[in-house]
Amino acid sequence: MYREGYALVLSSAIGSLLGLLYWIVAARSYAAVIVGLNSAMISAMMFVAGISQLNLANAAVRFLPTAGVASTRFVTTIYLVTFGSCLVASTIFLAGAGIWTPTLRFLQDLPGPAIAFTISAMAWGAFNLQHSILAGLRRAVWVPIENGAYSLGKLGLLALFALILPQWGIFASWTAALAMTILPTAALIYGRLMPRHRELTGADVAAPGLNNVARYVGADYLGGLCWLASTSLVPIIVFQQAGPAANAYYSLSWVMVLPLYAIGASIGWSFVASAVFEAGILRTHGYRMLLQTSLLVIPLTIALIVGAPYILRIFGEDYAEYGTSVLRLLALAALPGTINTMYVNVARVQRRMSRVAMVFGGQALIVLGLTWLLLKPYGLTAVGVAWLVGQSAVAIVVATHALVALRPQLPLRSK
């Protein structure tokens, strides 16, 4: 469990460090307006891909460890569903882009960017699905390799496209690098990892039933949509209300903080994949994984709060001037977010999916609501406040519920 968890954390670290370098090159190669435009387009693409995944990534982590001889059929099915749903969702989004995102209206008029957007959404959906498949197969040690190859490819293509695509080089490098990593990873999964998984588990476990998977995915998908809305719609709100430059300042601050949330999610995947086999010691595993997550998140949070202006100055003086406060608040919000993430993962093991939906739904309601209300009068700092208030409020409720649930029951006194 620790090996798998730290492999996923390592993957997040590699992606974050190379991602930081990527956005430094982007900020130095393009004007802030171009960075903000491409960032908004990437956020929209990730939102469409996230909706289309139907949260099958979490289903893979939960059910693939016990899929046995049905592993190949299960993986092929979720691949096909992801591709098909991404295609449909992209088509719908592009058809109404002028309605829900007027600043991206050009996607309706330019066939090239529209096709690239659709391909990118399908590729991004498959890329993230493969991470969960590797985790579900208990072979997460391959995830850092895939993520590192993608990040390096994206960085190299950015440097090339900066010369030949002065407006769309950021988005183009994002998409082209995905195509370079998906096929080799799929070949690894089908050709090597799944045959071994079937040999090791086929005789001892039961294949996931369609009804069980559907019930699990339904509530988890609702929660996933809420989290996706929190992460992907906030940049679009900033873009709409404050302009592309402000979105560049916010987006790069969020890039710096996202690894803190990725740590909890990564260790959580390992926890879920292991706990389905050892439900009897779920509470012990939960405590251990919360401790491991905290040992990583707390010092990184402190480092970001202290070093925010110096780190952002790497991108340029404007980023440090306008992004420092929001970066500090976003980093601080990751602390209560750690509690929320562990609570969600315990609920996934127990298949109490309504709790997952309520946690993410509460976060999204507060974050999006406060961002929409406070952004214009108070500026980017309001977005950081929205995240801190949202995560903290939900964490208080979650911690209270957990303490009540763990409280020993007192015997009834006889009269």
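The values are calculated or read from the model by the stated rules, or taken from the named source; none is laboratory data. If you're wondering where the values come from, they're calculated on a predicted model, not measured in any experiment. FYI the Cβ positions are ideal-geometry reconstructions off the backbone, even for glycines, and counts take in every protein chain you see.
Brief remarks on what is shown
- All of (1) at pLDDT 90 or above; (2) surrounded by 20 or more Cβ atoms within 10 Å (Cβ to Cβ); (3) out of contact with any Phe, Trp or Tyr (no Cβ under 6 Å at 6 or more places or on another chain) hold for MET342 with one exception: (1).
Each row is one residue, and each column tells you yes or no for (1) in a helix (DSSP H, G or I); (2) at pLDDT below 85; (3) of a type in the set (Lys, Arg).
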position	(1), (2), (3)
ASP204	no, yes, no
GLY223	yes, yes, no
PRO235	yes, no, no
GLN240	yes, yes, no
ALA248	yes, yes, no
TRP254	yes, no, no
GLY268	yes, yes, no
PHE277	no, yes, no
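- VAL326 in a helix (DSSP H, G or I), of a type outside the set (Ser, Thr, Tyr) and free of Cβ contacts under 8 Å to residues at least 12 places away in the same chain: no
- Qualifying residue in region 236-254 (condition: surrounded by 21 or more Cβ atoms within 10 Å (Cβ to Cβ), closer than 30 Å to ALA140 by Cα and among the small types (Gly, Ala, Ser)): yes
- Candidates VAL88, VAL33, VAL69 - the one that is within 27 Å of ILE237 (Cβ to Cβ), modelled with pLDDT under 85, in a helix (DSSP H, G or I) and among the β-branched types (Val, Ile, Thr): VAL33
- No other residue among PHE74, PHE63, PHE47 is in a helix (DSSP H, G or I), out of contact with any strand residue (DSSP E or B) (no Cβ under 8 Å at 6 or more places or on another chain), of a type outside the set (Asp, Glu) and closer than 16 Å to VAL255 by Cα apart from PHE47.
- Taking the listed residues ALA135, ALA126, ALA121, the one that is in a helix (DSSP H, G or I), within 16 Å of the chain's Cα centre (by Cα) and within 23 Å of PHE271 (Cβ to Cβ) is ALA135, with no other qualifying.
- Restricting attention to region 144-172, the residues that are touching a residue at least 60 places away in the same chain (Cβ under 8 Å), in a helix (DSSP H, G or I) and under 19 Å from ILE115 (Cβ atoms) add up to 3.
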